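K.L.:
Quick one: the structure is below, questions incoming.
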């Protein structure tokens, strides 16, 4: 019995040793396979990069910082050492290279336009299509449908065109002027809240206040929805809108964030916020559709035009219409509130501009609290101030297009399938088109100076058929809000404020416009 046990043990030991050797061999082969695959991929990618570099080396531009890094070391170094944004870096390069230069985002080349006539070629003459790499990023947030196929994220020219044509009438000036009562009513609520803080001592973050009033404006005038974000910033809709928008910003700044386990909890929070917002939007759309079916709805707001999309194309689903609902909320909140913050900072940082503006508002409005369309037409200097704020700080500066074939700009040939970027900040800060471009000078846009403004070098709302659909809405809101605000209050910036930007999805003031308020 003992002999048999020893023999069995020896056989078992041999079998175990053989299996261990076999497992080790398999693991070794697997490791070798992984290494070989990695080397093949790396070699292939290296060859591809050599090909790409050769393909674009005829174009001017800054020297690459490394074979794989492209020009990103330049960006990181200037951000860290000088505290500047990537748009400021490009603006400096734009002074050196004209009509364009190539900039390498690691392995990805982007042709940056720095000349006004090249802008005309890209946006007007050649009508280059949107670059899917940039715009499609808006469609979802961490895997959750967000803007879907709304106007901002739609990359099909054909689809975009019929949607834009259907929605355009909602933003015509006569339509918006018909809603001036609503603009004024919401403004009243905003000013009443500020009056409770107008003791000359309380520090008020006007950037945050402007975000809330802008959200109330968009919700009420576009959708006849009362949010009351001005007085209740912690209510569910404003709260979830902030979470979703911040998530979108973070996903832009950190494209590999969705693969980091440490951020999974944050991503889940953002997805839940998006689901909440889309659920609210769906409920509002369904309720309005039901009223329309009963003949109880005679409104002519943006929501009514969104519903017309399904009438024009029966393939349009409720989710497609929700895309547009969310697009106007998110896009309007981020860009318009940042523009208002820059505008206010520019005014308060320049006493002579503030005094002149107050004098015009007092002359046009007097003691009246209601602003008419005739009043708006008379506020000429306010128009100039708004245009100058948009020049210095275009809220959404980057406009990206794609070449479907080889094109020529100037004497330079741009390969097919190339990303082309027109950056408004670069053009708006170019000494070729503007004297002292860093100076806040509304008189650039005085009637006597209009002939000096290069049409294709001033593009705060883009150009051509893709001009921002909400431009007139933003202009009307801005003029009413700023006129009423400066009519009632004297605002004073806290020391140390300037017009420095911080990069998010758009550009926003770095210090948030901290003020004290007193009644005039």
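The values are calculated or read from the model by the stated rules, or taken from the named source; none is laboratory data. Keep in mind that this is a model prediction, so the values were computed, not measured. Cβ atoms come from the backbone with ideal geometry, glycine included; neighbour counts cover every protein chain shown.
K.L.:
Tell me whether the stretch 163-179 contains one or more residues that are under 19 Å from the mean Cα position of the chain (by Cα) and at pLDDT 90 or above. Break it down stepwise before answering.
P.N.:
We begin by selecting, within the stretch 163-179, every residue under 19 Å from the mean Cα position of the chain (by Cα); these are 164.
Subset that is at pLDDT 90 or above: 164.
There is at least one residue in the stretch 163-179 that is under 19 Å from the mean Cα position of the chain (by Cα) and at pLDDT 90 or above.
K.L.:
Given the criterion surrounded by fewer than 24 Cβ atoms within 10 Å (Cβ to Cβ), out of contact with any strand residue (DSSP E or B) (no Cβ under 8 Å at 6 or more places or on another chain) and closer than 28 Å to residue 305 by Cβ, identify the matching residue among 350, 377.
P.N.:
On the way: 350 fails: closer than 28 Å to residue 305 by Cβ.
That would be 377, the only listed residue that is surrounded by fewer than 24 Cβ atoms within 10 Å (Cβ to Cβ), out of contact with any strand residue (DSSP E or B) (no Cβ under 8 Å at 6 or more places or on another chain) and closer than 28 Å to residue 305 by Cβ.
Listed here are the residues, each with its yes/no results for (1) modelled with pLDDT under 90; (2) more than 24 Å from residue 481 (Cβ to Cβ).
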| residue | (1), (2) |
| --- | --- |
| 187 | no, no |
| 218 | no, no |
| 229 | yes, no |
| 270 | no, yes |
| 275 | no, yes |
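Every residue, every condition in (1) at pLDDT below 90; (2) out of contact with any strand residue (DSSP E or B) (no Cβ under 9 Å at 6 or more places or on another chain); (3) closer than 17 Å to residue 459 by Cα, yes or no:
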{"site": "71", "(1), (2), (3)": "no, no, no"}
{"site": "76", "(1), (2), (3)": "yes, yes, no"}
{"site": "87", "(1), (2), (3)": "no, no, yes"}
{"site": "119", "(1), (2), (3)": "no, no, yes"}
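K.L.:
Let me ask another. Under 24 Å from residue 248 (Cα atoms), surrounded by fewer than 19 Cβ atoms within 10 Å (Cβ to Cβ) and out of contact with any strand residue (DSSP E or B) (no Cβ under 7 Å at 6 or more places or on another chain), is that true of residue 189? Break it down stepwise before answering.
P.N.:
Values: under 24 Å from residue 248 (Cα atoms): no; surrounded by fewer than 19 Cβ atoms within 10 Å (Cβ to Cβ): yes; out of contact with any strand residue (DSSP E or B) (no Cβ under 7 Å at 6 or more places or on another chain): yes.
Criteria not met by residue 189.
K.L.:
A further question on this structure: Kindly indicate whether any position in the stretch 119-129 is out of contact with any helix residue (DSSP H, G or I) (no Cβ under 6 Å at 6 or more places or on another chain), in contact (Cβ under 8 Å) with a residue 60 or more places away in the chain and crowded, with 20+ Cβ neighbours inside 10 Å.
P.N.:
Filtering the stretch 119-129 down to residues out of contact with any helix residue (DSSP H, G or I) (no Cβ under 6 Å at 6 or more places or on another chain) leaves 121-122, 125-127.
Then keep just the ones that are in contact (Cβ under 8 Å) with a residue 60 or more places away in the chain; that gives 121-122, 126-127.
In the following step, the residues that additionally are crowded, with 20+ Cβ neighbours inside 10 Å were identified as 121-122.
Yes; the residues of the stretch 119-129 include at least one that is out of contact with any helix residue (DSSP H, G or I) (no Cβ under 6 Å at 6 or more places or on another chain), in contact (Cβ under 8 Å) with a residue 60 or more places away in the chain and crowded, with 20+ Cβ neighbours inside 10 Å.
K.L.:
On to the next question. Could you look through the stretch 403-418, keep only residues that are under 20 Å from residue 457 (Cα atoms) and in contact with a helix residue (DSSP H, G or I) (Cβ under 8 Å, 6 or more places away or on another chain), and pick out the one that is modelled with the highest pLDDT?
P.N.:
Step by step, filter the stretch 403-418, then rank; the result is 409.
K.L.:
Within the stretch 384-398, can one find any residue that is surrounded by fewer than 19 Cβ atoms within 10 Å (Cβ to Cβ), more than 23 Å from the chain's Cα centre (by Cα) and not in a strand (DSSP E or B)?
P.N.:
no
K.L.:
Give the residues of the stretch 227-263 that are farther than 23 Å from residue 323 by Cα and in contact with a strand residue (DSSP E or B) (Cβ under 6 Å, 6 or more places away or on another chain), sorted by residue number.
P.N.:
Selection gives nothing.
K.L.:
Going by what's in this entry, would residue 288 be described as touching a residue at least 12 places away in the same chain (Cβ under 8 Å) and either out of contact with any helix residue (DSSP H, G or I) (no Cβ under 8 Å at 6 or more places or on another chain) or outside any helix (DSSP H, G or I) (or both)?
P.N.:
Details: touching a residue at least 12 places away in the same chain (Cβ under 8 Å): yes; either out of contact with any helix residue (DSSP H, G or I) (no Cβ under 8 Å at 6 or more places or on another chain) or outside any helix (DSSP H, G or I) (or both): no.
The answer is no for residue 288.
K.L.:
With the requirement that a residue be out of contact with any strand residue (DSSP E or B) (no Cβ under 9 Å at 6 or more places or on another chain) and crowded, with 18+ Cβ neighbours inside 10 Å, what does the stretch 264-283 give you? If you could, list the steps in order and put the result at the bottom.
P.N.:
Residues of the stretch 264-283 that are out of contact with any strand residue (DSSP E or B) (no Cβ under 9 Å at 6 or more places or on another chain), as a first pass: 264-266, 268-269, 276-277, 279-283.
Of everything in the stretch 264-283, those that are out of contact with any strand residue (DSSP E or B) (no Cβ under 9 Å at 6 or more places or on another chain) and crowded, with 18+ Cβ neighbours inside 10 Å turn out to be 277, 280, 281.
K.L.:
Which of the residues that make up the stretch 311-325 are part of a helix (DSSP H, G or I) and crowded, with 17+ Cβ neighbours inside 10 Å? So that I can check it myself, show each step before the final result.
P.N.:
The initial filter retains those residues of the stretch 311-325 that are part of a helix (DSSP H, G or I), namely 311-312, 318-325.
320, 321, 322, 323, 324, 325 - these are the residues of the stretch 311-325 that are part of a helix (DSSP H, G or I) and crowded, with 17+ Cβ neighbours inside 10 Å.
K.L.:
Could you tell me whether any residue of the stretch 105-117 is within 20 Å of residue 430 (Cα to Cα) and part of a helix (DSSP H, G or I)? Break it down stepwise before answering.
P.N.:
The initial filter retains those residues of the stretch 105-117 that are within 20 Å of residue 430 (Cα to Cα), namely 110-117.
Subset that is part of a helix (DSSP H, G or I): 116-117.
The answer is yes, given that some residue of the stretch 105-117 is within 20 Å of residue 430 (Cα to Cα) and part of a helix (DSSP H, G or I).
K.L.:
Provide a single number: the residues in the stretch 187-214 that are touching a residue at least 40 places away in the same chain (Cβ under 8 Å), over 14 Å from residue 341 (Cβ atoms) and assigned to a helix (DSSP H, G or I).
P.N.:
7
K.L.:
Does the stretch 458-483 hold any residues that are in contact with a strand residue (DSSP E or B) (Cβ under 8 Å, 6 or more places away or on another chain) and either crowded, with 21+ Cβ neighbours inside 10 Å or within 30 Å of residue 359 (Cβ to Cβ) (or both), and which are they?
P.N.:
The first filter runs over the stretch 458-483 and keeps only residues in contact with a strand residue (DSSP E or B) (Cβ under 8 Å, 6 or more places away or on another chain), leaving 459, 462, 466, 468.
Correct list: 459 only.
K.L.:
Look through 128, 151, 147 and report the one residue that is modelled with pLDDT of 90 or more, in contact with a strand residue (DSSP E or B) (Cβ under 6 Å, 6 or more places away or on another chain) and assigned to a loop (DSSP other than H, G, I, E, B). If you could, list the steps in order and put the result at the bottom.
P.N.:
Values: 151 fails: in contact with a strand residue (DSSP E or B) (Cβ under 6 Å, 6 or more places away or on another chain); 147 fails: in contact with a strand residue (DSSP E or B) (Cβ under 6 Å, 6 or more places away or on another chain).
When all the criteria are applied, what remains is 128.
K.L.:
Right, here's the next one. For the stretch 444-457, which residues satisfy the criterion of being under 21 Å from residue 119 (Cβ atoms) and either touching a residue at least 24 places away in the same chain (Cβ under 8 Å) or crowded, with 20+ Cβ neighbours inside 10 Å (or both)?
P.N.:
Here is the first cut: in the stretch 444-457, the residues under 21 Å from residue 119 (Cβ atoms) are 444-445, 449-457.
The answer is 444, 445, 454, 455, 456, 457.
K.L.:
I would also like to ask the following. Which of the numbered conditions does residue 427 fail, given that it passes all the others? Conditions: (1) buried (at least 21 other Cβ atoms within 10 Å of the Cβ); (2) under 26 Å from residue 159 (Cβ atoms).
P.N.:
Failing condition for residue 427: (2).
K.L.:
Same structure, new question: Just to be sure I understand, how many residues within the stretch 229-258 are crowded, with 18+ Cβ neighbours inside 10 Å and part of a loop (DSSP other than H, G, I, E, B)?
P.N.:
Within the stretch 229-258, residues that are crowded, with 18+ Cβ neighbours inside 10 Å and part of a loop (DSSP other than H, G, I, E, B) number 2.
K.L.:
A further question follows. Out of 352, 334, 358, report the one residue that is in contact with a helix residue (DSSP H, G or I) (Cβ under 9 Å, 6 or more places away or on another chain) and farther than 30 Å from residue 146 by Cβ. Explain how you work it out, then say what you get.
P.N.:
On the way: 352 fails: in contact with a helix residue (DSSP H, G or I) (Cβ under 9 Å, 6 or more places away or on another chain); 334 fails: farther than 30 Å from residue 146 by Cβ.
Checking each option against the conditions leaves just 358.
Yes/no per residue for (1) more than 25 Å from residue 470 (Cα to Cα); (2) within 20 Å of the chain's Cα centre (by Cα); (3) assigned by TED's automatic domain parsing to the domain that holds residue 403:
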{"position": "86", "(1), (2), (3)": "yes, yes, yes"}
{"position": "92", "(1), (2), (3)": "yes, no, yes"}
{"position": "96", "(1), (2), (3)": "yes, no, yes"}
{"position": "100", "(1), (2), (3)": "yes, no, yes"}
{"position": "109", "(1), (2), (3)": "yes, no, yes"}
{"position": "120", "(1), (2), (3)": "no, no, yes"}
{"position": "130", "(1), (2), (3)": "no, yes, yes"}
{"position": "139", "(1), (2), (3)": "no, yes, no"}
{"position": "159", "(1), (2), (3)": "no, no, no"}
